[in-house]
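The values are calculated or read from the model by the stated rules, or taken from the named source; none is laboratory data. Just so it is clear, the structure is predicted and the values come from calculations on it, not from any experiment. Every residue, glycine among them, receives a Cβ derived from its backbone with ideal geometry; neighbour counts consider all protein chains shown. Heavy atoms of the whole protein, side chains included, go into the accessibility calculation; ligands, DNA and RNA do not. Shrake-Rupley method; radii C 1.70, N 1.55, O 1.52, S 1.80 Å.
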Amino acid sequence: MKSLTRIAKEKILIDSDIKQTYMNASGQNQSATVKELLHYVDPIPVERRCLDVLNIFIEDKTLFTAPIINDNNVPVGLIDRGRLTEIFFKPYARDLHHRKLIGEIMTTDPVIVDINTSIDDLANITINAGMRHMANGFIIVENSAYIGMATGHKLLEEITQRKQQDLYFLAHYDQLTGVPNRLLFKDRLLQACQQAKRNKSLFALVFVDLDRFKQINDTLGHSFGDQLLINFAHRLTSSVRESDTVARMGGDEFVIILQNLTEAGHAEKVASTIIDNIRQPMQIYEREIQITASLGVALYPLHDDTVDGLIRKADAAMYEVKEKGRNGYIVYSEVFDHCLIERNSLETDLRMALNNNELSLFYQPQIHLASNQVIGVEALLRWHHPKQGLISPATFIPIAEESGLIVAIGEWVLHEACRQHAEWVRQGLPSLRMAINVSAIQFRQQDFCACVKKVVEDTGIDPKYIELELTESVVMTNPLQTVTVLNELRSLGIKLAIDDFGTGHSSLSYLTRFPIDRIKIDQSFIRNIHDVPANEAIVRAIIAMGGSLGLEMIAEGVETMDELECIKNHQCQEVQGYHFSRPIPADAFKDWHQELMKT
Ligand code: C2E
Ligand code: MG
Ligand code: MG
């Protein structure tokens, strides 16, 4: 298995826009209006006498506030029980006021709102207009005509209820995608276990992990990543029944509870549907992107009957899919427990590896064919695990990338390779090109150029001997930012190569827009090239086109004499492969080189 960046040769097509509008994920209608609060109160015409109005209030004990309208049914004021009482309880008030029109004593600044006003706006209007309106209530109009009232009490009730819903939502749902969060999921899983036990039924827990999300997030940006997660959650939800639960555990990890299965095989069918749905191209902002996911399935009660047990087993099955190359689903089996422990402990061990000096670099020579001279080396990382022995970068680089450790490790590699270069020169070796692999995640670090610069200064290497190897996907994603970084590196005098060329989806002519010096033709094209016409045709085309574009070329993975001869016939300038030497430790390389010089 190759590293994350290496395998990230999947299609990232660039196309048009996605605009998906999401309802508030709590299911609340954000645009709830005062319609919810509306109740009808008989309006009082503005010319009614005060005494009549007083009688209305005396007769209807439940009436606290009444709207006052003009001839056109347009509200002009408000009268409330408090105001009437205040006036008529004074001595001689009845005699003084009974003939007056209600228009003369009414409150003339009521809050009047249109039926379409949102609850939130009404709350703001009330706060701004003075809280006394909470007691009086509000007049509601439609096209300026009176249609009813709303009380402050009702408004308060509505707001409180909405607040409670909001709080519940905040605590139980994922803010980004709107699906249940870990807390609610655990609760639902417990319920599912209890229900399945009662009904002697079957259900499945599916762990879903988006493949290479970290890389997408790091290279295409966090808002792209967020939108991707929203779309992803949406695809998951629409792939299952409404009664099933899709939840987000955090990051790019989702879980699904598939309820009431009639047979175990159904879980696999759903998993396969999900995989298919996710694979469909997805448009985010200006891009069309194809993503995949890894699914692990555990069944109740077949694999476990506890919440934690099911989670652990679905997770183990999911990791098994990752190990097998992602983009698929696997149903749990006991053998995976062991793998999970192994992976987790590898990650823990890898954290220590740097400090414990367990990492080292091996070097593999690069040969210039015309002169038959060694002109460079590629530095290849090795991990000498205290218990497991030598571990291949193909195994631990993906772990380093997923855990973010690659940044520190990559920095160490840069420094160590340049330090070794200087040491060899001191030991009398000619200055060779030092090819160093760079992970996408490392390349996207803000301070990558500064880090390279510092290594150059610290080690004293002449930067023209450094060649950084990047993959096509690194260059193709976020081209604008890439060009800037590449130019900055170039200005330091550093050379740039595209590694594993031909396995990505970029075209050579597109790549030449970037300041690149060399392409490394992937070893899959070199393998048995003399016997596989398709490989030969591809290599011939790459060499012809690369040559016409002024790029230098190196063929990787040359193992046999036949392969070498064929490459030579196609006028590739340089080669690298087991045919000359496997990657070997620094001292061994020095001896090998000195031996070579003697012959
Ligand atoms: P790569 O950069 O394409 O390196 C070439 C790989 O091909 C090396 O595998 C090398 O040992 C192997 N190889 C060379 N000649 C032959 C041959 O003739 N036949 C065959 N079958 N294989 C050959 P290795 O050392 O296991 O590294 C695997 C990958 O791990 C590298 O592929 C690179 O992607 C990654 N890697 C290695 N070191 C580093 C590092 O320091 N940083 C990063 N980010 N990635 C690294
Ligand atoms: Mg390489
Ligand atoms: Mg390569």
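What to note about this one:
- Counted residues, the range 210-237 - those being in a helix (DSSP H, G or I), at pLDDT 85 or above and crowded, with 17+ Cβ neighbours inside 10 Å: 14
- Residue that is least open to solvent (accessible area, probe 1.4 Å), among those in the range 551-567 that are in a loop (DSSP other than H, G, I, E, B) and among the aliphatic types (A, V, I, L, M): 558
Rundown of residues vs (1) free of Cβ contacts under 8 Å to residues at least 40 places away in the same chain; (2) part of a helix (DSSP H, G or I); (3) outside the structural domain of residue 593 (by TED's automatic domain parsing), yes/no style:
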| site | (1), (2), (3) |
| --- | --- |
| 356 | yes, no, no |
| 362 | no, no, no |
| 367 | no, no, no |
| 374 | no, no, no |
| 377 | no, no, no |
| 387 | yes, no, no |
| 390 | yes, no, no |
| 397 | no, yes, no |
| 400 | no, yes, no |
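- Qualifying position, being modelled with pLDDT of 85 or more, out of contact with any strand residue (DSSP E or B) (no Cβ under 7 Å at 6 or more places or on another chain) and not in a helix (DSSP H, G or I), among 175, 194: 175
- Taken over the range 166-202, the criterion of being closer than 28 Å to residue 225 by Cβ and open to solvent by 70 Å² or more (accessible area, probe 1.4 Å) is satisfied by 167, 168, 170, 175, 182, 183, 186, 187, 188.
- Close pairs from the range 230-258: first assigned by TED's automatic domain parsing to the domain that holds residue 283, partner basic (Lys, Arg) and part of a strand (DSSP E or B), Cβ under 7 Å, at least 6 apart: 233/248; 254/248
- If the condition is being part of a helix (DSSP H, G or I) and either buried (at least 17 other Cβ atoms within 10 Å of the Cβ) or within 15 Å of ligand 2 (Cβ to nearest atom) (or both), then the range 423-436 contributes only 424.
- Entirely in the range 238-319, the strands (runs of 3 or more DSSP E) that have 1 or more residues that are under 28 Å from residue 171 (Cα atoms) and open to solvent by 30 Å² or more (accessible area, probe 1.4 Å): 245-250, 253-261
- Residue within the range 490-504 that is charged (D, E, K, R) and more than 16 Å from ligand 1 (Cβ to nearest atom) present: yes
- Test: residue in the range 438-458 that is within 16 Å of ligand 1 (Cβ to nearest atom) and touching a Cys at 6+ places or on another chain (Cβ under 7 Å): yes
- Of the residues 63, 51, 96, the single one that is in contact with a His (Cβ under 8 Å, 6 or more places away or on another chain) and surrounded by fewer than 16 Cβ atoms within 10 Å (Cβ to Cβ) is 51.
- Residues that are without any contact (Cβ under 8 Å) to a residue 24 or more places away in the chain and open to solvent by less than 80 Å² (accessible area, probe 1.4 Å) within the range 122-135 comprise 125, 129, 130, 133, 134, listed in sequence order.
- The selection criterion, being at pLDDT 95 or above, in the same structural domain as residue 564 (by TED's automatic domain parsing) and farther than 22 Å from residue 422 by Cβ, holds for residue 487.
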